[in-house]
Each structure stands twice: as C-alpha cells, then as structure tokens.
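The values are calculated or read from the model by the stated rules, or taken from the named source; none is laboratory data. The structure presented is a predicted model; accordingly, all values stated were derived computationally and were not measured. Cβ coordinates were reconstructed from backbone atoms using ideal geometry, including for glycine residues, and neighbour counts include every protein chain displayed. For the accessible areas, the whole protein counts, side chains as well, though only heavy atoms, and no ligand, DNA or RNA atoms are used. Shrake-Rupley method; radii C 1.70, N 1.55, O 1.52, S 1.80 Å.
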Amino acid sequence: MDLYDSRTAISTFLFKRCPPEPVDLAFVFCSPTISSIHPAIALHKAGLAPKLLISGAGTAVDGSAEWSFYRDHALASGVAESALLLEKSARNTAENAAFGAALIEAELGWERVRSLAVCAKPFHMRRAIMTLRRHIPADIRLVAQPPDDPGDLSAETWWQTERGRQRIFAELGKISEYALKGDLGDA
C-alpha cells in the first residue's frame, strides 16, 4: 500500500471481513435496510451459527421496527424462532453493543458464548467491532461478517459518489465521537 493513499487507508481501516467459520452466535446490528442479516442467515443455514441476536429499534424501510423487519426476514428464510434473540430497544451502535451484550449474559451466559459473528454494514464493521469490544469479555473471538449487497457501500468504490464520501466521512466522525465518549474498546 502506498503510504500516501488515503482512500486505501480509510477502506482498510473501516471495511473488515473474515472468512466464515463456526461461531456460537451471530450478532446482527440492524439498520433500515435488510442486508446486515444476510450473513447471519447464511451462517445459520450452513450450521455455523446456532443462534442469531438481532439488535435495533430504529425504523426500517417498510416503516416497522428494525428488529421486527429483520426477525420477519429471518423467519421467512427458514430460521426457527427458537434460534433468535431479539434486542428491541437499541437506537445506536453503542446501545446495540451494550444491550446486546446484556441480553447474551442474561439469556445464554458468556461461559456458553466464546465467539460472535459480527453482522453489520460493510462500512460500519470497524465501529461495530470496536464498540462490542467495550461491552463483551476480552477473550470472545469476533468474526467480521458484512453482507455482499450491491446496495451497500464497498471498500472499492465508496469515494466515487457524493453519498458514499459523506457516509464514510460521517462514519469516521462517529468513531471519533465514540472514542471521546469512552464507548470503544480495543479492536
């Protein structure tokens, strides 16, 4: 990488992806559009994630609560309701991580969860991971699993549109805000 190539540096920092692997739980950060749940469903169908935690109380594109929109999509995709944990209150990434971690502790216990697939928009993956690190035990393995959706910003093309540039620079700003508030862990 060219040390002065800012676009590549930003893309390398924000956009994280790991190969799929077995995990104890897929942690889904909701957003208005549905793509973030696709990797969790794929892991579940492949027998790699027995449970999915869906977190988000924002408004989905269909006007429903994000958690409900995602739950309905998971159920329609063949995921059993018994495989779902629903966090229905989070309105931002810090709350997704805090409330989701509390739900894991209460419903499953950290002794039964040693690994999480982190399912979030590709450009949001760094902040999702860093925020989770603040709220989960340090020895939990995190596996970045962003969706492959043409509607999502990609590391290869985000700078080609004004919308893409605005979203990426806003995300960098949010990481700074979270860091200054103490909402990030080591990642």
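What do you get for the angle between helix 162-181 and the principal long axis of the chain? Use alpha-carbon atoms, 0 to 90 degrees, nearest ten.
The helix 162-181 is inclined about 70 degrees to the chain.
Could you tell me the distance between the Cα centroids of the stretch 45-69 and the stretch 116-154, to the nearest Å?
14 Å
For Rg/Rh (Cα atoms, Kirkwood Rh), several values are listed as [x] 1.18; [y] 0.95; [z] 0.98; flag the one computed from this structure.
[y]
To the nearest 500 deg cm²/dmol, what mean residue ellipticity at 222 nm is calculated for the chain from DSSP H runs of n ≥ 4 alone, each contributing -39,500 (n - 2.57), summed and divided by the residues?
-12500 deg cm²/dmol
Taking the dipole about the Cα centre of the chain, with the C-beta of Lys and Arg at +1 and of Asp and Glu at -1, give me whichever of 14, 59, 73 is farthest to the positive side.
14
So how tilted is helix 93-107 from the main axis of the chain? Cα-based, degrees 0 to 90, rounded to 10.
For 93-107 against the chain, the angle is about 20 degrees.
Using the crude model of +1 on Lys and Arg Cβ and -1 on Asp and Glu Cβ, and no other charge, please compute the dipole size for the stretch 1-61 relative to its Cα centre, in debye to 20.
Here the stretch 1-61 has a charge dipole of around 180 debye.
Take peptides 136-145, 175-184 and line them up by average Cβ neighbours within 10 Å, highest first, as a rough protection proxy.
By packing density, highest mean first, the sequence is 136-145, 175-184.
Quick one: accessible surface of residue 156, probe radius 1.4 Å, all protein chains present, in square angstrom to the nearest 10.
130 Å²
How much accessible surface does residue 167 have with a 1.4 Å probe, in Å² rounded to 10?
Accessible surface of residue 167 is approximately 100 Å².
Rounded to the nearest 5, what is the percent of antiparallel bridges among the DSSP beta bridges in the chain?
Among the beta bridges of the chain, antiparallel pairing accounts for roughly 5 percent.
With only Lys, Arg, Asp and Glu charged, each at its Cβ (+1 for the first two, -1 for the last two), find how big the charge dipole of the chain is about the Cα centre; round to the nearest 20 debye.
Its charge dipole is roughly 180 debye.
Long-range amide H contacts for residue 85: which residues qualify at under 5 Å (H placed 1.01 Å from N, peptide plane, sequence gap of 5 or more or a different chain)?
52, 53, 54
Tally Lys and Arg at +1 and Asp and Glu at -1 over the other residues with C-beta under 15 Å from the C-beta of residue 20: what net charge comes out?
+1
Top to bottom by accessible area (1.4 Å), largest first, where do 130, 125 land?
Heavy-atom accessible area, descending, gives 130, 125.
What net charge is computed for the residues neighbouring residue 59, neighbours being all others with C-beta under 12 Å from the C-beta of residue 59, Lys and Arg scored +1, Asp and Glu -1?
-1
If you add up the charges near residue 174, with Lys and Arg at +1 and Asp and Glu at -1, over every other residue whose beta carbon is less than 13 angstrom from its beta carbon, what do you get?
+2
Given the options 110, 89, 130, identify the residue whose Cα lies farthest towards the positive end of the charge dipole of the stretch 75-149 (+1 on Cβ of Lys, Arg; -1 on Cβ of Asp, Glu).
Highest projection toward the positive end goes to 130.
Using only Cα atoms and rounding to the nearest 10 degrees, what angle (0 to 90) does helix 125-135 make with the longest principal axis of the chain?
The two axes meet at around 50 degrees.
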